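Colleague: This is the structure, below, for whatever I ask next.
Here, each number is a calculation from the coordinates, and none is a lab measurement. All values reported here derive from a predicted model rather than from experimental measurement. Here the Cβ positions follow ideal geometry from the backbone for every residue, glycine too, while neighbour counts run over all protein chains shown.
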């Protein structure tokens, strides 16, 4: 503590007859004591300064908790501490208040000590007197009018307490309860005015008594108080049978014995710990969400790394398949088989894009699409993942299915709902029904509060599985909530469905009962625009005779792209590393018309290689392709002087049109 504060304390307290000390910091170090404080403890000031407070004062724990409260609330606190030594027995009253810095932040606390022995002994005598009065009231409760004055005094005393206090006779019938106790009874659905005529068993039958972790509570240990056995701070939960609301309580009970050591009455103290318990549950929930979020972040990072390699492999498969198609056009069977490979490769490409989009939380691209063909296609994919005991029944009852949506996310909705339905039917099998209908929503016919009046496509996914209770339905769209066993789900599937529907200005509703299956309804706004359909363009591919340098460290992919370009008439030189590409560039830069380079390579990246080449030949067009767009964004590529940015894997037509577009742009 600084000398200025020490000086201040000295001016204030050196001549005070009250023992005074100043405590600083989280370790509660003694920074100042006045002579009266030294005299109180019988120790020199220099022996006390610098010590933690709990090494200076006997029974310091109570004071330390009050010091923490002063720091927290910035209000003065008091406490009384009992000290017993071989030579003395006394009660000391501690007054604690904060000392502030210039910026208004607490700097330290000042403590003044007063001898409260007489007052405390008087208080204890009062408590003993009240106890005797209470015993008299219990023994002679039929003479209530004669003892009304004492009863009122006792009520005043217990009504000042923050906990609920009950007094019962030896049979458990309530004789007296403070206001807090009566309020606690009302919370759980018990009429406090009826308790004086009710037995403990009839009272408890009005509520559901549980342990703090919501398991059935064994009442036998608690009822032993009627046999003279006290219990302290038992944590329980009480459910209001009318509302279903759960409250948490901490209960202590002590028997009051007569002169023959027989139970004469019971005093029960009930503390409401509901807020404390819910804060703990919320903390645990947030910690679990944090753990799950960290897992999802790690999965996103892993997905990015896998995507690069997987997209490279897909590029080789897709490229070779399209090259093979050119060779076997006369063989109908082979053509059909290779076309299926091309189709599957493109589907895999879209799946990787979907995974990456979700891991990056990016905004999907929306375009007018027709939902029915997509539902049919996704149903085929889903069927391949289901056991033979589950049958898919597809029902289409509308032709109005044009929506503004991201196709990959629509597939994700169907796959997530289908996977959840399959899990609900895993034991007995069943029928998974997928329906597409249209519905006109009005203010009088509003299936979900988030919708606006208008025309909607309704996607319904129904299963014949185990169904859900209401408390589960209330939470199914929460992130990370799952009823699946550990390792069988993240709790993200339905949260994702809900998020996708909301982002498309739609809504999700659910209907379910235990044992009756579940129905999910997805409402998506119809649009009037013509649907965009993903289809291959017909016609001759654009060709050329320019000289192209192709750079890719994946030899198989470089070979595929080189073959594509050569079949289109271009002259191609292939480099399998950035260093090899640079040597070729230095030798042939004046005759080069175009460079096509991969981004992720050992040594120099594609961006770095492009910058070096552009420094030497500013008008050189460069196409950059990558298997993972997190490695570089289109904006970064454009800023570096890249002409086009292409994601792998790419189809032959996409490559042909991109190359021609870049070369034609250079020639303008």
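Colleague: Calculate, for residue 17 and residue 95, the FRET efficiency according to 1/(1 + (r/R0)^6) with r their C-beta to C-beta distance and R0 22 Å; round to the nearest 0.05. List each step's numbers first, then the result.
Modeller: Values: r = 14 Å, r/R0 = 0.64.
That pair, residue 17 with residue 95, gives E of 0.95.
Colleague: Give me the percent relative contact order of region 363-525, please, defined on Cα pairs under 8 angstrom at least 6 residues apart.
Modeller: Details: 311 pairs, mean separation 37.4, N = 163.
It comes to 23 percent, rounded to a whole number.
Colleague: Going by a ≥ b ≥ c, the root eigenvalues of the Cα gyration tensor, does region 409-481 fall in the rounded group (a/c under 1.5), the prolate group (a/b larger than b/c) or the oblate group? Provide the component values of the computation, followed by the final result.
Modeller: Details: a/c = 2.04, a/b = 1.57, b/c = 1.30.
Because a/c hits 1.5 or more and a/b exceeds b/c, region 409-481 counts as prolate.
Colleague: Using alpha-carbon positions, what is the distance between the centroids of region 183-224 and region 576-651, in Å?
Modeller: For region 183-224 versus region 576-651, the Cα centre distance is 76 Å.
Colleague: So if each residue of separation counts as 0.36 nm, and I subtract the Cα-Cα distance between residue 327 and residue 341, what length gain in nm does that give? Walk me through the numbers on the way to the answer.
Modeller: On the way: separation 14, 0.36 × 14 = 5.04 nm, distance 1.50 nm.
3.5 nm is the gain from fully extending residue 327 to residue 341.
Colleague: OK, next. Given Cα pairs under 8 Å that are at least 6 residues apart, what percent is the relative contact order of region 586-668? Write down the numbers at each step before the final one.
Modeller: Details: 95 pairs, mean separation 23.8, N = 83.
The normalised contact order for region 586-668 reaches 29 percent.
Colleague: Can I ask one more? Only counting other Cβ atoms within 10 Å, I'd like 63, 526 sorted with the fewest neighbours first.
Modeller: Working: 63 23, 526 18.
Ascending number of Cβ neighbours within 10 Å: 526, 63.
Colleague: Please order 626, 242 by the number of other Cβ within 10 Å, starting at the fewest. Display every interim value, and only then the final one.
Modeller: Values: 626 24, 242 10.
Listing 626, 242 from fewest to most nearby Cβ atoms yields 242, 626.
Colleague: What order do you get for 277-288, 170-181 when each peptide is scored by the mean count of other beta carbon atoms within 10 Å, highest first? List each step's numbers first, then the result.
Modeller: Working: 277-288: 11.8, 170-181: 19.0.
Those peptides, ordered most packed to least, come out 170-181, 277-288.
Colleague: Over region 161-272, calculate the relative contact order: mean separation of alpha carbon pairs under 8 Å at least 6 apart, over the residue count, as a percent.
Modeller: Numbers: 224 pairs, mean separation 32.5, N = 112.
Averaging sequence separation for qualifying contacts and normalising by length gives 29 percent for region 161-272.
Colleague: Order these peptides, 250-258, 190-198, 118-126, by their mean beta-carbon neighbour count within 10 angstrom, highest first. Could the numbers behind the result be given before it?
Modeller: Details: 250-258: 16.9, 190-198: 14.7, 118-126: 12.2.
Descending mean neighbour count gives 250-258, 190-198, 118-126.
Colleague: Within region 416-455, name every residue whose backbone N is under 18 Å away from a label modeled 7 Å from Cα of residue 509 along the Cβ vector.
Modeller: 434-455
Colleague: At a 10 Å Cβ-Cβ cut-off, how would you order 450, 552, 463, fewest neighbours first? Spell out each step's value before the answer.
Modeller: Details: 450 13, 552 28, 463 24.
Fewest-to-most ranking of 450, 552, 463: 450, 463, 552.
Colleague: Could you tell me how far the Cα centroid of region 383-413 sits from the Cα centroid of region 45-66, in Å?
Modeller: Using only Cα atoms to place each centre, the spacing works out to 71 Å.
Colleague: While we're looking at this one, here's another question. Could you tell me which of rounded, prolate or oblate describes region 161-272, using a ≥ b ≥ c as the square roots of the eigenvalues of the alpha-carbon gyration tensor, with rounded for a/c under 1.5 and, failing that, prolate when a/b is larger than b/c and oblate otherwise?
Modeller: Numbers: a/c = 1.74, a/b = 1.44, b/c = 1.21.
Prolate shape, in that a/c is at least 1.5 and a/b is the bigger ratio.
Colleague: While we're on this one: Using a basic spin-label model with each label point 7 Å from the Cα along Cα→Cβ, how many nm lie between residue 160 and residue 246?
Modeller: Placing both labels 7 Å beyond Cα along the Cβ direction yields 3.7 nm.
Colleague: Could you work out how much longer the chain between residue 179 and residue 254 gets when fully extended? Use 0.36 nm per residue separation minus the Cα distance between them, nm to one decimal. Numbers along the way, then the final one.
Modeller: Values: separation 75, 0.36 × 75 = 27.00 nm, distance 1.99 nm.
Computed gain between residue 179 and residue 254 is 25.0 nm.
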